[in-house]
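Notes for the one structure printed next.
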There are 2 protein chains.
Amino acid sequence: MALTRDDVVDAAVDLLAEVGLEGLSLRRLARELGVSAPTLYWHVADKRTLLDHVAERLLADQWRSAPPIGPGEDWAAWLRERALAQYRALVTHRDAALVVAGNRPTDDALPAVEATMATLVGAGLAPREAFLTLMSVGHFVIGSAVEYHAERARAAETAAVPHGGHDPAAHPTLAAVAAAMGPPDGARHEDVVRHGLDLMIDGLRARLDPAP
Amino acid sequence: MALTRDDVVDAAVDLLAEVGLEGLSLRRLARELGVSAPTLYWHVADKRTLLDHVAERLLADQWRSAPPIGPGEDWAAWLRERALAQYRALVTHRDAALVVAGNRPTDDALPAVEATMATLVGAGLAPREAFLTLMSVGHFVIGSAVEYHAERARAAETAAVPHGGHDPAAHPTLAAVAAAMGPPDGARHEDVVRHGLDLMIDGLRARLDPAP
DNA sequence: GCCCTCCTCTAACAGCGTTAGGGACGCTAC
DNA sequence: GTAGCGTCCCTAACGCTGTTAGAGGAGGGC
């Protein structure tokens with residue numbers, strides 16, 4: 001059976017998860033597919049556009065599993081959950097955030113964007129505000145995921161960093177935080193995401209109900 | 001006069017601004033310095049650590065010019081301005097966001113972090129909340145800058161994209177947004193950043209003054 | 001005069017994305 | 001039956017990349 005472009009993209013997604021963005025070369029990808037490197041150019045115009053397809057695939061998987069908002073459901077909780085799911089999707093696929101960043105929304109993604117924005121407009125936001133909010137949440141999620149991956153790569157190569165090793169007297173507030181939060185671990189990153197999303201949502205609520 | 005590491009980092013910052021992250025090669029950097037490529041390895045361990053130094057330099061420049069908060073000044077306005085300044089610094093240096101992303105705060109940056117967090121704690125936030133907020137704002141700024149650069153790179157190669165070319169009937173909310181916002185231009189990106197920051201700050205305000 | 005450290009060099013390796021050009025398979029038309 | 005054509009894959013090669021090995025010159029201390 002002849003190779004299809006979907007096969008190439010599938011293999012690229014797998015290889016990305018395995019070796020990261022830096023390790024993903026066309027020669028390696030071709031070897032994985034049992035094919036010579038230039039052959040890939042028959043199925044894909046460019047490495048860059050291959051990555052576009054990969055990003056599309058990653059996002060498509062994420063949107064396809066998204067439950068639409070139910071009637072009477074709280075839009076805030078729904079938006080929070082969607083953003084968190086997107087963050088988790090970007091975090092579980094290695095380097096996905098870097099690949100996805102800057103991709104134009106493909107036509108496939110438009111209905112999802114439309115639905116999300118319609119929900120916000122239905123909740124009382126002006127269209128312009130809904131759009132800016134959606135972009136803001138997106139930027140925040142991407143930024144969080146990029147930082148997560150970058151810190152992860154850093155941690156892998158520097159083994160152990162003496163985290164609390166600074167002078168507490170010089171930085172009392174930092175010391176208080178370190179004492180209050182305990183050692184850094186994986187859950188910490190999601191705490192930040194949750195906190196940021198809550199801040200944005202609270203800010204939205206304040207706009208929707210000026211004086212409750 | 002012999003080359004110093006600072007010279008190399010300086011030249012790398014300039015070259016980054018000129019040719020972008022993809023165009024920044026050690027050979028090109030060496031040529032710019034009038035030196036052969038392997039010579040750089042005397043001053044710098046690695047390309048990766050060179051980029052670390054570049055990121056440090058970019059952030060240092062940005063924090064050094066930061067005015068501390070004045071007495072009686074509104075913390076919200078101050079935080080907003082600091083975040084916007086950081087965004088602008090990342091945006092004006094080409095690809096700076098990608099280089100900076102994931103850098104641990106160097107020891108030089110600690111006083112600034114301490115000061116910012118002390119301000120938030122002074123305004124009434126718990127240390128943990130102040131820390132999470134600072135991280136959230138940072139992630140949002142980085143994400144916005146990454147998206148800015150990525151979209152910029154995309155726009156450069158696809159010349160003109162028929163932006164409003166989709167079917168308005170299929171996506172009424174999107175069409176309303178397109179009509180309300182006009183054509184995309186450079187200011188749009190900062191609108192998103194401003195909006196996101198306002199949301200977060202409004203959310204913070206809601207926490208600080210539960211029932212004003 | 002000798003050594004030692006700094007700083008720079010040339011030569012080279014393996015790998016990268018990408019292009020040029022060709023060859024084998026199967027379908028369709030005459 | 002065979003000529004033509006589109007599909008899919010190949011080898012060879014170009015110019016680039018980060019990086020290493022090893023040699024050598026300039027300048028200071030003894």
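Some observations on this one:
- Per-residue mean of foreign Cβ neighbours for A:121-131 is 4 (Cβ atoms of other chains, 10 Å radius).
- Take A:GLY34, push a point 7 Å out from Cα through the beta-carbon direction, and compare it with the same point in every other copy: 5.8 nm, smallest first.
- Ascending list, in nanometres, of distances separating the A:VAL19 label from those of the other copies (7 Å, Cα toward Cβ): 2.6
- Inter-copy label distances at A:GLY124, shortest first and taken from points set 7 Å along Cα to Cβ: 2.2 nm.
- Axis-nearest residue in chain B [Cβ, rotation onto A], distance in whole Å: B:GLY143, 1
- Phi angles of segment B:2-11 translate, via the Karplus equation with coefficients 6.51, -1.76, 1.60 and θ = phi - 60°, into HN-Hα couplings of 6, 5, 10, 5, 4, 4, 4, 5, 4, 4 Hz per residue; Gly and Pro are given as x.
None of the figures in this text is laboratory data; all of them are computed from the coordinates on show. Just so we're clear, the structure is a prediction, and the values are computed from it rather than from any experiment. In this analysis, Cβ positions are derived from the backbone assuming ideal geometry, glycine residues included, and neighbour counts consider all displayed protein chains.
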